Amino acid sequence: MYKYDKLDQQIVDERVAQYRDQTRRFLAGELTEEEFRPLRLQNGLYIQRHAPMFRIAVPYGMLSSRQLHKLGDIAKKYDRDYGHFSTRQNLQLNWPKLEDVPEMLAELATVEMHAIQTSGNCIRNITTDQFAGIAPDEVIDPRAMAEIMRQWSTFHPEFALLPRKFKIAVSGTKQDRAIVQAHDIGMEFYTDDADKLAIKVWVGGGLGRTPILGSVIREHLEWQHALTYCEAIIRVYNLHGRRDNSYKARIKILVKALGIEEFKNQVEAEWAHLKDAPNTITEAELARVSKYFEAMPYENLSAHDASFDAAIASNPAFAAWAKRCVHVHKQAGYRAVTLSLKPHGKAPGDATSDQMHVVADLAAQYSFGELRVSHEQNLILADVKLSDLYSVWEKARAAGLATPNIGLLTDIICCPGGDFCSLANAKSIPIAEAIQMQFDNLDYLHDIGDIELNISGCMNACGHHHVGHIGILGVDKDGSEWYQVSIGGKQGNDASLGTVIGPAFSADEMPGVVQKLIDIYIKERTPEELFIDTVRRLGIAPFKAHVYAKNEEIVSV
Amino acid sequence: MSNLIQLNDDIASIAENLWVTVQLPPSNVEARKQAGKVVQFKLTGEATVSETQIADTVIPATGKIIVPLSVFIARKDELLTRISNGEVGVWIDTHEVLADLVNDQADLNVLPIIAVHVERFADGRIFSLGTLLRKRYGFKNELRAIGDVLRDQLFFLKRSGFNSYLIRADRSANDALASLKDFTAPYQGAVDEPRPVFSRYNRTA
């Protein structure tokens, strides 16, 4: 993974000093709350329901063992011994003290980490596929470009105070796993007809209050121009995006208002001036950064391992885990492993300090000292030998990190919700826990098969509920918490937004509602169909009819 | 003491303000509201200055003046001699459109100073306006930030091409000086240093 040189280190060190002084001035009354707000937000600090919330950047989801050990230490020393991995591949701490944040940042800087632009109206953490560099369907490893874009976006002076937050995702696979269509800018890397690295650029996607999938603004952009083209897009947005109403301030609203053609014309007119400007990426820079993402020093292994095969044959629990949590790898004899942060009945995405240390040790021992955070809020060991899988499983299981539910109904994507977040209209974690307990039967979960369930505690959609096969949104009705259910959302190349099935439910009803949706699917599915396929084939009507039916009989369709 | 910071050859210092900023008389149009709250940011291109305001603007008879864009365009005839004497600058609001200035005044370098007024410090349009004035329209003279100008935005203003900063009256310009040096070697090319870090340094992996 990327390693800081002295220039990178200087920037984060100077950032710590800058923020230390800003915090001092705030506490001394020299900065008003309003003036301090964007400064703390751009250092990851929210003021929340119970305490501040502090969001640490995990650029494009990559972590080293050493960094994760440090995160575990920080969670213990300054927080309540746990952290929450978010859908933006970042780590959030829910109980820090405002006064401690400069010191926390200083500790992070010692392991090449920071909280720069993890919140606020600026370019946020750039996200990508958790299997970057190892996925067999990968065309291009997007991480070098993601790192170049991270550096470019860090304190970009022109875009320091945008109308609203700005999220960029990059992807280099045939099957998109970075939800590029749901980002302000999505960059899909591919190899063009001339065998050169090129980018398909999407713009104006986003979830939140007004969910919209992005539009293609450019089918083919040579990679050298990635930064200047983004500058053209963001300049048009910075000047013309709505600042009068924060609910209408995202770029998607501007793109919709102008229409993609007119928006594109404005961007291209801007880019005519910016093309080939000094921020054009050089071959040398791409080569320099790409060196950090070269393939690991893999051993030459056979595609099969006898001990692994034997363990699968003799140990059903291990086999169940391997089926869900072990993923194909482009190198023979290696696999990627997802460590589930979704044990049934616990807050999805949470990890204790002890668990962080366990994972850091596993990464150090079995996966070249690196790991990744997925936007599905799990942790990934990307390069594990087949022959080591059994040992990894045993250790992960002992630490509660081996629930074999990856991609299944209980692998719920969930925001912190009303338990922690001051924006939330409703709690989300207890809903996730209740659903997990309703479906606490692994055979049944496997029978239901691949499905994605997403929960957001408010329309800001941190739980990405719009793209969940089942999406649950917490809403406030006359001061009480209700849950609106949508089905038919999907991430990936054929992304779609879910459709709301009808009036909202109380928290108590939610496990039963999900059960009814699943019942209809089980009844109606063809042998090869996943839940999402059945919804797409039948539409929402039969699901809606059953969920809202007065009696308990399954309604015929 | 003056609250003006000027940057000369990358050396910042407190300087005497030689320019008078000419204000528009208050508008009698009620502020736009949304959900009961006054809208804090005007839309880009939104017409906000009335003919009456322009006509009623009091232009001092002598001295160096920075006039509002709308007054500069509408009452240019009164200003021609002073413009050629280098006594007239223009200020624009962050919601105003640069094309209006450039269509009226093709050679911006006739103006010794252009100021951009930021009503609220969080309005980042000022950074794009500065960048465009320098890079697109080739403005070489003094570019000043006025209005809600606070020290924590100075580094970005400097990088966006501003070389003078009238710090808000209730804050210390002297304290603010330090923030111009927040970062030694920023990553990306911008107005003050067009080359990105990878073109300025040999960063071997």
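The values are calculated or read from the model by the stated rules, or taken from the named source; none is laboratory data. What you see is a predicted model, and the numbers here were worked out from it, not measured in a lab. Cβ coordinates were reconstructed from backbone atoms using ideal geometry, including for glycine residues, and neighbour counts include every protein chain displayed.
Details
- Single match in B:Val38, B:Val97 (criterion: touching a Gly at 6+ places or on another chain (Cβ under 8 Å), within 14 Å of chain A (Cβ to nearest Cβ) and within 30 Å of A:Ile253 (Cα to Cα)): B:Val97
- Flag if B:Ala178 is assigned to a loop (DSSP other than H, G, I, E, B) and either at positive phi or facing another protein chain (nearest Cβ under 9 Å) (or both): no
- Among residues of the range B:46-72 being touching an Asp or Glu at 6+ places or on another chain (Cβ under 8 Å) and surrounded by fewer than 17 Cβ atoms within 10 Å (Cβ to Cβ), the one that is farthest from the other protein chains (Cβ to nearest Cβ) is B:Gly63.
- Counted residues, the range A:125-181 - those being more than 14 Å from chain B (Cβ to nearest Cβ), modelled with pLDDT of 95 or more and within 21 Å of B:Ala122 (Cα to Cα): 1
- Residue check, A:Leu45 surrounded by 20 or more Cβ atoms within 10 Å (Cβ to Cβ), in contact with a Phe, Trp or Tyr (Cβ under 6 Å, 6 or more places away or on another chain) and touching a residue at least 12 places away in the same chain (Cβ under 8 Å): yes
- Sole residue being over 29 Å from A:Leu71 (Cβ atoms), at pLDDT 95 or above, not aromatic (Phe, Trp, Tyr) and not in a helix (DSSP H, G or I), chosen from A:His273, A:His329, A:His304: A:His304
- Neighbours by Cβ (under 7 Å, 6+ apart or cross-chain): first from the range A:344-366, free of Cβ contacts under 8 Å to residues at least 60 places away in the same chain; second in a helix (DSSP H, G or I): A:Val358/A:Lys395; A:Leu362/A:Val392; A:Leu362/A:Lys395; A:Leu362/A:Ala396; A:Tyr366/A:Asp388; A:Tyr366/A:Val392
- Residue count for the range A:355-384, restricted to those that are among the acidic types (Asp, Glu) and in contact with a Phe, Trp or Tyr (Cβ under 9 Å, 6 or more places away or on another chain): 1.
- Qualifying residues in the range A:222-237 (those that are of a type outside the set (Val, Ile, Thr) and over 25 Å from the mean Cα position of the chain (by Cα)) - the one nearest to the other protein chains (Cβ to nearest Cβ): A:Arg235
- Any hit, the range A:242-254, residues being in a helix (DSSP H, G or I), touching a strand residue (DSSP E or B) at 6+ places or on another chain (Cβ under 6 Å) and closer than 30 Å to B:Lys37 by Cβ: yes
- Filtered by the rule that a residue be facing chain B (nearest Cβ under 9 Å), buried (at least 17 other Cβ atoms within 10 Å of the Cβ), closer than 30 Å to A:Ala364 by Cβ and not basic (Lys, Arg), the range A:8-26 gives A:Asp8, A:Ile11.
- Of all residues in the range A:252-266, at least one satisfies being touching a residue at least 60 places away in the same chain (Cβ under 8 Å), within 30 Å of B:Tyr137 (Cα to Cα), under 30 Å from the mean Cα position of the chain (by Cα) and not assigned by TED's automatic domain parsing to the domain that holds A:Leu71.
- Index of the failed condition, B:Leu143 passing every other in (1) outside any strand (DSSP E or B); (2) within 14 Å of chain A (Cβ to nearest Cβ): (1)
- If you check B:Arg203, B:Arg120, B:Arg168 for being surrounded by fewer than 22 Cβ atoms within 10 Å (Cβ to Cβ), among the charged types (D, E, K, R) and farther than 21 Å from A:Leu161 by Cα, only one passes: B:Arg203.
- Evaluation of A:Asp5 against the conditions (1) facing another protein chain (nearest Cβ under 9 Å); (2) touching a residue at least 60 places away in the same chain (Cβ under 8 Å) shows that the sole unmet condition is (2).
- Summed over the range A:416-427, residues that are farther than 9 Å from A:Gly349 by Cβ and within 17 Å of the chain's Cα centre (by Cα) total 1.
- Among the residues of the range A:185-213, the ones that are more than 17 Å from the chain's Cα centre (by Cα), under 26 Å from A:Ala424 (Cα atoms) and either at pLDDT 95 or above or aromatic (Phe, Trp, Tyr) (or both) come to 1 in all.
- Hits in the range A:366-382 (condition: farther than 21 Å from A:Arg88 by Cβ and in contact with a helix residue (DSSP H, G or I) (Cβ under 8 Å, 6 or more places away or on another chain)): A:Tyr366, A:Gly369
- Screening B:Arg159, B:Arg171 for residues that are at the interface with chain A (Cβ under 7 Å from one of its Cβ atoms), modelled with pLDDT of 95 or more and under 20 Å from the mean Cα position of the chain (by Cα) leaves exactly one candidate, B:Arg159.
- B:Phe198 vs. criteria under 21 Å from A:Asp13 (Cβ atoms) and either among the polar types (S, T, N, Q) or in a loop (DSSP other than H, G, I, E, B) (or both): no
- Within the range A:295-330, the only residue that satisfies the criterion of being among the acidic types (Asp, Glu) and crowded, with 17+ Cβ neighbours inside 10 Å is A:Asp305.
- Residue match in the range B:106-119 (condition: more than 12 Å from every other protein chain (Cβ to nearest Cβ) and modelled with pLDDT under 95): yes
- Residue under evaluation A:Glu147, criteria (1) under 30 Å from A:Leu221 (Cβ atoms); (2) part of a loop (DSSP other than H, G, I, E, B); (3) touching a Phe, Trp or Tyr at 6+ places or on another chain (Cβ under 6 Å), criterion not met: (2)
- Scope the range B:158-181; condition under 29 Å from A:Lys275 (Cα atoms) and of a type in the set (D, E, K, R); matching residues: B:Lys158, B:Arg159
- A single member of A:Thr118, A:Thr110 is out of contact with any Ser or Thr (no Cβ under 8 Å at 6 or more places or on another chain), surrounded by fewer than 24 Cβ atoms within 10 Å (Cβ to Cβ) and of a type outside the set (A, V, I, L, M, F, W, C), and it is A:Thr110.
- Matching residues in the range A:55-101 - criterion: being charged (D, E, K, R) and part of a loop (DSSP other than H, G, I, E, B): A:Asp79, A:Arg80, A:Asp81, A:Arg88, A:Lys97
- Which numbered condition A:Ala317 misses (of (1) assigned to a helix (DSSP H, G or I); (2) farther than 26 Å from A:Leu371 by Cβ): (2)
- Considering residues of the range B:35-44 that are surrounded by 13 or more Cβ atoms within 10 Å (Cβ to Cβ) and out of contact with any helix residue (DSSP H, G or I) (no Cβ under 7 Å at 6 or more places or on another chain) only, the residue nearest to A:Arg242 (Cα to Cα): B:Leu43
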